[in-house]
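First comes the structure, then the notes that go with it.
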Amino acid sequence: MAEQRTGKLKIFMGYAAGVGKTYQMLEEAQELKALGVDVVVGYFEPHGRKDTIARMEGLELIPRKNVEYRGSVFEEMNTDAIIERKPAVCVVDEFPHTNVPGSPRLKRWEDVQSLLESGIDVLTTMNIQHLESLNDQVWQITGIRVRETIPDWVVQRADQVVMVDVTPRALLNRLERGVVYGREKAERALQNFFRESTLVALREMALRQTAHEVEHRSAGDTADGWAGHGAYGRPGAHHKILILVTADPETAMLIRRAKRVGDFLDAEVFAVTVQSGGLAALAEMERESVERHLNFARNLHIETRVLEADDLAATLVDFARRNQITQIFLARPRERDWRSLFGRDLIQRVVGLARDMQVVIVSEREMVEY
Amino acid sequence: MPRELRRKTPEELLREVQSEENSSDGARLKIFLGYASGVGKSFRMFAEARRRRERGQDVVVGAVQPRMSSDVAELLGDLELIPQITVGGETAIDLNAVIRRRPSVCVIDGLAYDNPPGFRNPTRWEDVGEMLHAGISVITSINIQYVAELRELIESVTGKRVIPTVPVSFILSADEIEIVDAPPEEPMERSPEQQMNAVKREQRLSRLREMALVLAADVVDHQLTEYLQRHGIEQHFGTNERVMVCITPRANVHEMVETARSIAEKFHGELIGAYVHQPNISTNDQAALDEKLAMARSAGASIEILHGEDPVDALLDFARSRGVTQLFIGHSQRSGLWARLLGNPVDKIIHKSRGMDVRVFPQ
C-alpha cells in the first residue's frame, strides 16, 4: 500500500460562541462541495441557530455514535465510520470537546488526529479560551476556569488558522435578538463571558494568537530579505528553558506560562522535579500532585525528568548547566508561603547559583475586579 | 510597531474621550480591515449595510469601488446611492450631497483615496471625518497596505510604492474595527519557477495578513484601555505583553534589552525602559547610565524616568499602572547602589510584584 498522506487541518478561530465560526466553516464546506470535492460533516452542533442550520443543506452528515455511560446514552462523533467512508474533507465542529468516558479517545482533537492520519483533511472550530497556554489569563479575565483545553502544539500543527471576527457590539446585538443562544441561556452568558470588556479582551487575545500562528507558518521566509525585520534574538542564539516541577498547585500555571514563552522564542522546554528519595519516597498526596504535573507537562510535549538529590537549588542549577539551559522558570511562592522563607530562600539560592543564566519567577495572574 | 500604536497615557485618553463626547452626536465609525483586495471586505460591509436597513436604519452608499464583483453588485442591489463626482478620471464623494441628505449611516467602500484637486478636503478620510462631525455614522473598508505609518514596511514587503494613505490615528479613532481574514490561496502545482513565485507571493501575503491582525489587535487594545479607564478599573487584563527593563548604571543592560526586545517583538508587545532617578550619582555612573538609556531607546523602548523615595515602589507602581506583564532586573543590583540603600532589592521586587513575571539577569 502506498504511504498514507497526512490530512490538512484548518481551524476557524473565534473568541466567543456566536461569532460565526460554524457558519463560516460550513460556507467553506459548501464551496468545496460545489467544486466537486468529497465533503462530509462528521460533527455539527446546531445550537438552534437557523441560518447556520440552513448552511448544512445538501451536505452529507455521518450519523453520530451512541455511547452508554452510567445508564445514559450520549452521542459522539463516529470517527471510525468517517475513516471507513474516507471522504476528502471532513467538517468537525467544536474542536475542544471532551468525549464521554468509554469513548475510544478522550478528546475530540484526538479523534481529529486519527482522521488526519487517515489522510482526511479536516475543517474545525475553536475559541481562543480553549488554548491551554492561555488558561490562566482567561481565568483572570473571565473568572472561569476552562476545563476543555487544547494543547498548543495541536494548534501549531494546523496548516491554517483563520480568525472569524465580529465586533463585540455586533455580537451582543445578536445575543439580544436571540440569534446566538436561547433566551434563558443568553441571560447567563451575558453575565460572564459576554460582558463587553471580557469580549474585547478575548478578541484581542484571539487576534494576537492568530497573528502569531500566521507568523509561525511563514517563518523561515528569508527569500525577500524582509524577514530581517523579524529575525528575533541574536543570530544563533538558542534558548533552552527548564521548569521546576513541585507538588504546589502553582506548578500547572508555571508550566503553561513557561511553555508559551518557549513556543514564542522557539526554545526547547524541559521540566524536572527534584526529590531526595525519588517519587516513591513522597507521601501519597504529594506524589500524586507531582506525577499529575509531570504528566501535564508531557501532554504539552515537554520532556520531563525526576532527579534524586537532597539539595534542590544546587541540583537544579547543576542539571541546568550540564544541559546548556539558558533560562530557569520557578513559580512565585503564594502570599501565605512567603513568610515561611522556604520559597523565597529557594529563589534566592537559585538566583545566586545560576550566575550564568536568566531566572524567571512566574506569578499567578490576579483576577480583574469590577 | 509605529509609535502611534503604543499605549497612551491616562491624560491623553481622557482628552480623547472628552473630545469624542463633545464632537459626535452618537455618530460612529466602523472599519472593515483586510490585508489584500479580494478577501471580502466589500461583501461583508454591504451585507451589514443591508442588515442595518432591514432593521430600519436610514442607510445610503457614498462610494463604491470602480470595479465590483458580481456578488457585491447583487448585495448593493437597491441600496440608495449618492453618485460620486468624477473629475478627469478621478472620483470623489459628493460630500455636500451626503451631508444635505443626512442619512443615519453612510457606506464608503474604499477609505484610502485622495480627492482630485479643487475639493474641500485633499483626502477621503477627511471627508469621512466631516460626515462623522455632522452626526452621520460611517461604515467603511480599508486594506492594510494603505496605512500611512506602515508604508515603509509594506513597500519592503510588496516592492510597490504606496501613494494614497490613511493615518493610523484615524483608524485608531474608529469605534469598531472588524478584520476580514482568510488565508491566501495555496499555490497550485505549476512549473518550478511559477511555483517559486507563487510561494513568494503567499509569503508576502502572509506578512500583510499578520500585520493586519496585529493592527486590529492594537485597535482593540486601545478600546480595552479606554473602556477600563472609563469604568475606573485600574487593573489590566494582560492581553498584550508589556516588557519593562529596569535600568541602573551598573546593570548588564545589553543582554536585558536584547532579550526584552526579542520577547516584545515575538509577542507583538510593548517595550519600556525605566530608571528611578537617584540624586548625587557619580560622573562615571551618569555616563554609564546615559549610554544604557540610549541603548534601550535604540532598541525601540520608550524610556521613563521615575521619581520616588523607594526605587522598588516607584518601579512597581509605574509597572502596575502601565499593565506590565514582565519585569526585567539585573541581580548585581544586590551589590550595587541599591543594595546599600535597601538590603536585598531582588527579594523585595519579587515579593511586591504580584501579578507579573520577574526575569532576573546575570551580570
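The values are calculated or read from the model by the stated rules, or taken from the named source; none is laboratory data. For clarity, every value in this text was computed on a predicted model and none was experimentally measured. Note: ideal-geometry Cβ built from the backbone for every residue, glycine included; neighbour counts use all protein chains shown.
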Next item on the list: Check off (1) modelled with pLDDT of 90 or more; (2) part of a helix (DSSP H, G or I) for B:V358 and give me the number that stays unchecked.
Entry: (2)
Notebook entry, point to check: (1) out of contact with any Asp or Glu (no Cβ under 8 Å at 6 or more places or on another chain); (2) more than 24 Å from A:R147 (Cα to Cα); (3) surrounded by 21 or more Cβ atoms within 10 Å (Cβ to Cβ); (4) modelled with pLDDT of 95 or more: which one isn't true of A:K33, the others all being true?
Noted result: (3)
Next item on the list: Please go through segment A:141-166 and pick out each residue that is within 10 Å of another protein chain (Cβ to nearest Cβ) and touching a strand residue (DSSP E or B) at 6+ places or on another chain (Cβ under 7 Å).
Entry: A:D159, A:Q160, A:V161, A:V162, A:M163, A:V164, A:D165, A:V166
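Scan segment B:213-231 and tell me whether some residue there is within 30 Å of A:T198 (Cα to Cα) and in a loop (DSSP other than H, G, I, E, B).
Initial filter on segment B:213-231 (within 30 Å of A:T198 (Cα to Cα)): B:213-231.
Then drop every residue that is not in a loop (DSSP other than H, G, I, E, B), which leaves B:231.
The answer is yes; a qualifying residue exists.
Where in segment A:63-149 are there helices (runs of 4 or more DSSP H), lying wholly inside it, with at least 2 residues that are closer than 27 Å to A:L199 by Cβ? Explain how you work it out, then say what you get.
Details: elements: A:79-85, A:108-117, A:135-142.
Once the helices (runs of 4 or more DSSP H) in segment A:63-149 are filtered for at least 2 residues that are closer than 27 Å to A:L199 by Cβ, what remains is A:108-117, A:135-142.
So that you can scan it fast, the table gives a plain yes or no per residue for (1) closer than 30 Å to A:I141 by Cβ; (2) more than 21 Å from the chain's Cα centre (by Cα); (3) basic (K, R):
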residue	(1), (2), (3)
B:P122	no, yes, no
B:W125	no, no, no
B:S137	yes, yes, no
B:V157	no, no, no
B:I177	yes, no, no
B:S191	no, yes, no
B:L205	no, no, no
B:G238	yes, no, no
Note to self: Can you tell me which condition B:V98 does not meet? The list is (1) modelled with pLDDT of 90 or more; (2) outside any helix (DSSP H, G or I), and all the others hold.
What the structure shows: (2)
Next item on the list: State the number of residues belonging to segment A:198-214 that are polar (S, T, N, Q) and within 8 Å of another protein chain (Cβ to nearest Cβ).
Entry: 1
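Taking segment A:261-272 on its own, how many of its residues are more than 9 Å from chain B (Cβ to nearest Cβ) and either in a strand (DSSP E or B) or not aliphatic (A, V, I, L, M) (or both)?
Kept after step one, since they are more than 9 Å from chain B (Cβ to nearest Cβ), are these residues of segment A:261-272: A:262-263, A:267-272.
Of the ones still in play, those that are also either in a strand (DSSP E or B) or not aliphatic (A, V, I, L, M) (or both) are A:262-263, A:268-272.
Of the residues in segment A:261-272, 7 are more than 9 Å from chain B (Cβ to nearest Cβ) and either in a strand (DSSP E or B) or not aliphatic (A, V, I, L, M) (or both).
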Note to self: So, in segment A:172-197, exactly how many residues are part of a helix (DSSP H, G or I) and either within 11 Å of another protein chain (Cβ to nearest Cβ) or at pLDDT 90 or above (or both)?
What the structure shows: 4
Next item on the list: Output the residues belonging to segment B:244-282 that are free of Cβ contacts under 8 Å to residues at least 12 places away in the same chain and part of a helix (DSSP H, G or I).
Entry: B:S262, B:E265, B:K266
Next item on the list: Filter segment A:36-60 down to the residues that are part of a loop (DSSP other than H, G, I, E, B) and among the hydrophobic types (A, V, I, L, M, F, W, C), then identify the one that is surrounded by the most Cβ atoms within 10 Å (Cβ to Cβ).
Entry: A:F44
Check: Which condition number does B:I163 fail, the rest of (1) surrounded by 15 or more Cβ atoms within 10 Å (Cβ to Cβ); (2) in contact (Cβ under 8 Å) with a residue 40 or more places away in the chain being met?
Finding: (1)
Check: Being at pLDDT 90 or above, part of a loop (DSSP other than H, G, I, E, B) and buried (at least 21 other Cβ atoms within 10 Å of the Cβ), is that true of even one residue in segment B:132-141?
Finding: yes
Notebook entry, point to check: Quick one: how many residues across segment A:101-130 are more than 20 Å from the chain's Cα centre (by Cα) and modelled with pLDDT under 95?
Noted result: 4
Check: Assuming B:Q203 fulfils every condition listed in (1) under 30 Å from B:L315 (Cβ atoms); (2) surrounded by 17 or more Cβ atoms within 10 Å (Cβ to Cβ); (3) at pLDDT below 85; (4) within 10 Å of another protein chain (Cβ to nearest Cβ) apart from one, which condition is it?
Finding: (1)
Next item on the list: Can you confirm whether segment B:341-351 contains a residue that is within 11 Å of another protein chain (Cβ to nearest Cβ), touching a Cys at 6+ places or on another chain (Cβ under 9 Å), at pLDDT 85 or above and farther than 25 Å from A:R334 by Cβ?
Entry: no
